1. Can we say SER61 is among the small types (Gly, Ala, Ser), in contact with a helix residue (DSSP H, G or I) (Cβ under 9 Å, 6 or more places away or on another chain) and without any contact (Cβ under 8 Å) to a residue 12 or more places away in the chain?
2. For PHE217, all conditions in the list (1) within 16 Å of the ligand (Cβ to nearest atom); (2) modelled with pLDDT of 90 or more; (3) surrounded by 10 or more Cβ atoms within 10 Å (Cβ to Cβ) hold save one; what is the number of the exception?
3. Sort out which residues of region 148-179 are touching a Ser or Thr at 6+ places or on another chain (Cβ under 9 Å) and touching a residue at least 40 places away in the same chain (Cβ under 8 Å), and write them in order of number.
4. Given the criteria free of Cβ contacts under 8 Å to residues at least 12 places away in the same chain and aromatic (Phe, Trp, Tyr), does PHE28 qualify?
5. Within region 190-209, which residues are within 6 Å of the ligand (Cβ to nearest atom) and under 24 Å from the mean Cα position of the chain (by Cα)?
6. Spot the failing condition for VAL76; the list is (1) in contact with a Leu (Cβ under 8 Å, 6 or more places away or on another chain); (2) within 23 Å of MET189 (Cβ to Cβ), and only one is missed.
Amino acid sequence: MTTEGTELARKAEFEKHHEFIKANMVMFQQVGEALTSIRDQQLFLVAGYGTFEAYCQQEFSFTSRHGNRMIQAAKVAKEHGVPNEYAARKLAEVPEEHRAAVITEVKSRTGGKVTGHMIEDVGHEIAGEPKEEEDTDLRPSAEPIRLILVAIATLESDLLQLTSSVGRFIDLVPCRAAIQTLRSQIKPMVPTHRCYACGGEGCELCKGLGWIPQELFDSREEEFRGAKRV
Ligand SMILES: [Zn+2]
């Protein structure tokens, strides 16, 4: 092949890969939207997963926290017309009330270009605080609770099976209500937030665990409202 021919072939090769990358740069938005549907409509239940966490872990080996970030990045990208996933994630880290201002400021400094690094820099400037380190590694594992929820989901589907065979006399409605009660008692009790009363040392409020569930965290009094959410 002539040098010119090789050059043409390489250009074609470049175009092919480049088009593929461009097309897939926006895929994260569609993935995020699909995850949103599965999470918000609890579609994971029909696949036998008791929780969104279980679905994320078992299907993709990532935490629901990570899944929620993907969802958030997709949402933010759509709302603010951010060009790629990295930039969307950086923008999602900026408090919501500052996002529009950050994008406007970034564009004015770059002449219209939006990058993740610029969002991060300007975001910190505008929000006026550096991001704190995350310490999710220290959080107690919710695995035993997750297993119970999977067991509950299994119980529910087994019961359903049973009523179409030998369990025909079983009244499904109150049984499912009872299962729902059980689930609602356990599911929200995963300790997800560092205890605001003791800072994680262990106290009466957190039952010595150092961590508390969302509901308890949300009901904290006014003076604890600045407490760091993790
Ligand atoms: Zn405590």
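The values are calculated or read from the model by the stated rules, or taken from the named source; none is laboratory data. Note that the coordinates shown come from a computational prediction; the quantities given were computed from them, not determined experimentally. We place every Cβ from the backbone using ideal geometry, glycine too, and count neighbours over all the protein chains shown.
1. no
2. For PHE217, the exception is condition (2).
3. Once the filter is applied, which keeps residues that are touching a Ser or Thr at 6+ places or on another chain (Cβ under 9 Å) and touching a residue at least 40 places away in the same chain (Cβ under 8 Å), region 148-179 yields LEU149, VAL150, ALA153.
4. no
5. CYS195
6. (2)
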